[in-house]
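Heads up, the thing below is written out as structure tokens.
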There are 2 protein chains.
Amino acid sequence: MSRRFENVTILGVGLLGGSLGLALKARGMAGIIRGVGHRQASVDKALAVGAIDAGYLDVRDAARDAELVVICTPSALVPRMLDDLVLICPRDAVVTDVASTKGFICNLAQVTWPAPRRFIGSHPMTGSEKSGPEYASADLYAGCVTMVEADNGHAPDARAAVLDLWGGVGARVVEVAPEVHDAIVARTSHVPHILAAAVASVAAKQWDIQALVGPGFRDFTRIAGSRPEIWRDNCLTNREAILAALQETAAAVEAFRCALEQGREPALEAFFRAGQSARGEVLGQ
Amino acid sequence: MSRRFENVTILGVGLLGGSLGLALKARGMAGIIRGVGHRQASVDKALAVGAIDAGYLDVRDAARDAELVVICTPSALVPRMLDDLVLICPRDAVVTDVASTKGFICNLAQVTWPAPRRFIGSHPMTGSEKSGPEYASADLYAGCVTMVEADNGHAPDARAAVLDLWGGVGARVVEVAPEVHDAIVARTSHVPHILAAAVASVAAKQWDIQALVGPGFRDFTRIAGSRPEIWRDNCLTNREAILAALQETAAAVEAFRCALEQGREPALEAFFRAGQSARGEVLGQ
């Protein structure tokens, strides 16, 4: 049976926050859910879809009695939320987040939160090009791989609560250190987003391109449809790992380019063969 | 009503050739369909799924009485097929192909085939990571964007036949010059394949990556699952256009890398915004 949280506060009631509210309710995992939005309009939408029970514009009003707080704002706002919450929350509250880069957040909490730490970082690897509570779904987290910060001076009961939270909404939890997480998502998510945007921009310059686009382009560039301001922040908060990953990727592409320029057939085939088997390996196929 | 071809020969009975056979039959567009395979095993499979009525290993036996020949072999084999067919086919046969690069094929036919030319290049922009006639489908070409070589000294009745062929199986035909086609697919297909392979290879080197992969990576690298020997040849046959496209892409990524290194937020956001709107433009959204 899933754990039940009587007082839940969700900061940020967009797609991720709204879906979490719906998921907790659908599974009977929450008593009251308080949602905090940046604008009244998004709070109203979250209320309308039933993702939250009460809506707020100020985190102080919403988190004062919280047993569990989940920060679902854009990544760049998480540090300020952490600074606020450490002062506002009850001493026994459990806090987590959903930001897609983790080192800068977990390291900040490590320094500024009292030990044993009751903030444990999370990253559910889901989302959509769609945003806003109107796209929220109670099943967004079902089967979703979710990173939870590996133990690092956390309060054991707080860790257990965060693991129960994600497990309860159907996620597949993986515990990993923040810097390992960031190195991985730089390569599986951030660099692909950058390349998809670059490819779309280059393609659009080509004459009459609209008429001649196959399904491969559509899938490859799907992530280029994501929100620019979110991706600006994702990149800024994971800069070092992305710069390293871009360098590795550029080196691989440059090796291919040389082989193509020189017409070295075996090298070209080996390049594609390595990509094919690497993909299978990464996806566990 | 669709045109009917009494004697069709399909060279290469893999996914594309097999699906064409099934599509022509399902729509009553063909009398007898002769299929030529490289190995008896693939010919037998194509016969078993009903994609062809008679199987051959030698193009001379299969194309002697053909009214329509469709070359569905890997790209690299098309030039040899063209050299053979110009000698073997009846004078009034119509010939086309499905290779994903067109300049080297259409230019060869331009030089070696008699005028008015009865070979017209085609490229149905479809396919799959799956290969072989066992995956063939009568609907593979339904709604599929299909490039047909723009008029360039073709016999009018042969052009009409090729246009009727693709229209009849449900494709959305676009007439375009081979070099324009090749510049476009370099940017929408070939470079994405190269980048997907590079990203998969780089990602696989990362420790423990399997556990932490989201849906974005899966879609972005889907095309890296394609057959390496096919992609080696696609690249070799479209070398100049790909080298130019790789250079444009590398320049875009390098501009992003500099902006990230220097923390120039507006430039990062502008990069992702350009990618987002470019994708919408290319896809006509």
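Laboratory data are not the source of any read-out in this text; all were calculated from the coordinates shown. No experiment lies behind these values; they were computed from the predicted model shown. Cβ placement follows ideal geometry from the backbone for every residue including glycine, while neighbour counts extend to all protein chains displayed.
Counting Cβ atoms of other protein chains within 10 Å of each residue's Cβ and taking the mean over peptide A:255-265 gives 4.
Each of B:Ala54, B:Asn7, B:Val173 was placed along the dipole of chain B (beta-carbon charges, centred on the mean Cα), and the one lying farthest toward the positive end is B:Ala54. Note on A:Cys258/A:Glu134: beta-carbon distance plugged into 1/(1 + (r/R0)^6) with R0 of 51 Å gives a FRET efficiency of 0.55.
Shape call for segment B:129-285 from the C-alpha gyration tensor, a ≥ b ≥ c root eigenvalues: rounded (a/c under 1.5), prolate (a/b greater than b/c) or oblate?
On the way: a/c = 2.16, a/b = 1.59, b/c = 1.36.
Cα axes put segment B:129-285 in the prolate bin.
Per-peptide packing, taken as the mean over residues of other Cβ atoms within 10 Å, places B:151-159, B:114-122, A:112-120, B:186-194 in the sequence B:186-194, B:114-122, A:112-120, B:151-159 from highest down.
What full-extension length gain, to one decimal in nm, is calculated for B:Arg172 and B:Arg3 as 0.36 nm per residue of separation minus the Cα-Cα distance?
Details: separation 169, 0.36 × 169 = 60.84 nm, distance 1.62 nm.
Full extension from B:Arg172 to B:Arg3 adds 59.2 nm.
Just tell me how shielded B:180-190 is by partners: mean number of partner chain Cβ atoms within 10 Å of each residue's Cβ, no decimals.
Working: counts 5, 2, 0, 5, 10, 7, 3, 11, 14, 8, 2.
Partner Cβ neighbours, averaged per residue: 6.
Would you tally the net charge around A:Arg80, using a Cβ to Cβ cut-off of less than 15 Å, leaving A:Arg80 out, and scoring K and R as +1, D and E as -1? Let's see the in-between values first.
Values: positive: A:Arg60; negative: A:Asp58, A:Asp83, A:Asp84, A:Asp97, A:Asp233.
Result for the local shell: -4.
Nearest 500 deg cm²/dmol is fine: what mean residue ellipticity at 222 nm does chain B get from its DSSP H runs of n ≥ 4 alone, each adding -39,500 (n - 2.57), divided by its residue count? Walk me through the numbers before you get to the answer.
Working: 12 runs with 138 residues, N = 285.
After summing the helix terms and dividing by residue count, I get -15000 deg cm²/dmol.
Values of log10 I(q)/I(0) for segment B:143-183 across q = 0.19, 0.35 Å⁻¹ run -0.55, -1.14, by the Debye formula with one identical scatterer at each alpha carbon and no solvent.
Counting each pair of different Cα atoms once, what's the Kirkwood radius of chain A in Å, rounded to one decimal? It would help to have the intermediate numbers written out before the result.
Details: mean 1/r = 0.0491 Å⁻¹.
20.4 Å is the Kirkwood radius here.
Seen through its C-alpha gyration tensor, with square-root eigenvalues sorted a ≥ b ≥ c, segment A:1-150 comes out rounded because a/c lies under 1.5.
I need the helices of chain B that pass two filters: whole DSSP H segments spanning 30 Å or more by Cα along the axis, and mean Kyte-Doolittle score no lower than 0.0. Mind showing how you got there, number by number?
Details: long enough: B:239-261 (32 Å, 0.55).
The answer, listed by residue number, is B:239-261.
The order of the peptides A:210-223, B:47-60 by mean Cβ neighbours within 10 Å, most packed first, is A:210-223, B:47-60. Here r is the Cβ-Cβ distance between B:Leu87 and A:Ala270 and R0 is 35 Å; the resulting FRET efficiency, rounded to 0.05, is 0.45. Tell me whether the protein assembly as shown comes out rounded, prolate or oblate; compute the Cα gyration tensor, take square roots of the eigenvalues as a ≥ b ≥ c, and use a/c under 1.5 as the rounded threshold. Verdict is prolate for the protein assembly as shown.
Residues within the reach of a label modelled at A:Arg27 (point 7 angstrom out along Cα to beta-carbon, backbone nitrogen below 18 Å), restricted to segment A:116-148, are A:120-127, A:136-148. Springs between Cα atoms under 10 Å define the GNM used for chain B, and in it the highest mean-square fluctuation of B:Leu108, B:Leu82, B:Leu24 occurs at B:Leu108. The packing ranking of peptides A:165-175, A:10-20, highest mean first, is A:10-20, A:165-175, where packing means the average number of other beta carbon atoms within 10 angstrom of each residue.
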